[in-house]
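The values are calculated or read from the model by the stated rules, or taken from the named source; none is laboratory data. Note that this is a predicted model, so its numbers are computed, not measured. With ideal geometry, Cβ positions are generated from the backbone for all residues, glycine too; neighbour counts draw on all protein chains shown. Ligands, DNA and RNA are excluded from the accessible area calculation, which covers all protein heavy atoms including side chains. Shrake-Rupley method; radii C 1.70, N 1.55, O 1.52, S 1.80 Å.
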Amino acid sequence: MHVLTITATPNQAGVKISGDYFDLDELNMAIYRVIGEEGKYYDYQGARMRILGMCYEIRHAAQGDRNIESVFNGLHEHTKVQHGFIAPAKNIYFSAEVLWPEVLFAVLALKDFAVLYAKEQGHTDWDLNLPVIAKFQSLVLDCLQGHVPDEVFSTVREAFSGPSSVEEYAIQYIDMLNLQIIDMEKADREKILPAIAVKVARQDKDYQAFRSEVLRAAGPGKQSIHEIRIGREYPENINW
């Protein structure tokens, strides 16, 4: 049985997405199908790029390029003796880390892509991809719930359940939130996590002001909003 799992990293910088090869490949393939080909939904191109960045990590994890761990598979010695076969007691699982703002944005953006995909597909009662996406979204929010107070999580859940759109989203805002998280110590990350989650889900005044600055930075060339680059680089090592 394949079981995709999402757990918080030790220092609360983000989450660890874990599973065997088939778990991770299934998630990646579902995401690729739901977000569509490049340029298909041009006003969602920035959101698509962010999701593909996460998929890059998941794909490399499945290839064994990130973290590898062995996990007890439930096969006890007496069971092997009873059935007369030789088998390992552990399975190999792969994982990759993704920053909290990044994975929370993916949860939000996939809501939009799921709607676009469903409209195009028409009848989706027996669709294989949408349940995989929904499970991933639920696992992320369930993981988040375990690390924020109950009374605060209700606000977060409401924010993610409410109407939203990542059409022409200023994806540089996620970079800013990522870099904020990276620069913090564990205790500060824990304190700010609920606020970060709500900021990702709701395009509040801070986001709107940030987006206006990004558009101004486009200058005379009038680049598309997702093509504008931030000035700061990510550090090589993150204290996950």
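For the chain, the direction-averaged projected area of the alpha-carbon convex hull comes to 15.9 nm².
Projecting the Cα atoms of Ala217, Leu104, Tyr93 onto the charge dipole of the chain (Cβ charges, centred on the Cα centre) puts Ala217 farthest toward the positive pole. What the chain shows is 54 Å² of accessible area per residue, with the surface traced by a 1.4 Å probe over protein heavy atoms. Of all lysines in the structure, the ones whose alpha carbon falls short of 24 Å from that of Lys199, not counting any fewer than 8 places away in one chain, are Lys16, Lys111, Lys135, Lys186, Lys191.
Write down Rg/Rh for the stretch 153-238, rounded to two decimals, with Rg from the C-alpha atoms and Rh from the Kirkwood relation over Cα pairs.
Rg divided by Rh gives 1.00.
Taking 12 Å as the straight-line reach from the Cα of Lys205, none of the aspartates and glutamates fall in range once those fewer than 8 positions away in the same chain are excluded. Taking θ as phi - 60° and the Karplus parameters 6.51, -1.76 and 1.60, the scalar couplings of the stretch 52-68 work out to 5, x, 5, 4, 4, 5, 5, 5, 5, 4, 4, 7, x, 8, 10, 9, 10 Hz in sequence order, x denoting glycine and proline. Placing R0 at 25 angstrom, the Cβ-Cβ distance between Met49 and Ala195 gives a FRET efficiency of 0.50 after rounding to 0.05. Its residue count N fixes a reference of 2.2 N^0.38 Å for the stretch 174-216, and the Cα radius of gyration divided by that reference is 1.24.
Take every pair of alpha-carbon atoms less than 8 Å apart whose residues are at least six positions apart; their mean separation over the length of the chain yields a relative contact order of 27 percent. A full extension of the chain between His147 and Gln208 corresponds to an added length of 19.2 nm, given 0.36 nm per residue minus the alpha carbon distance.
Share of Cα-Cα pairs in the stretch 83-184 beyond 21 Å, in percent?
So the portion of pairs separated by more than 21 Å is 51 percent.
Of the solvent-accessible surface of the chain, computed with a 1.4 Å probe over protein heavy atoms with every protein chain present, carbon and sulfur atoms account for 53 percent.
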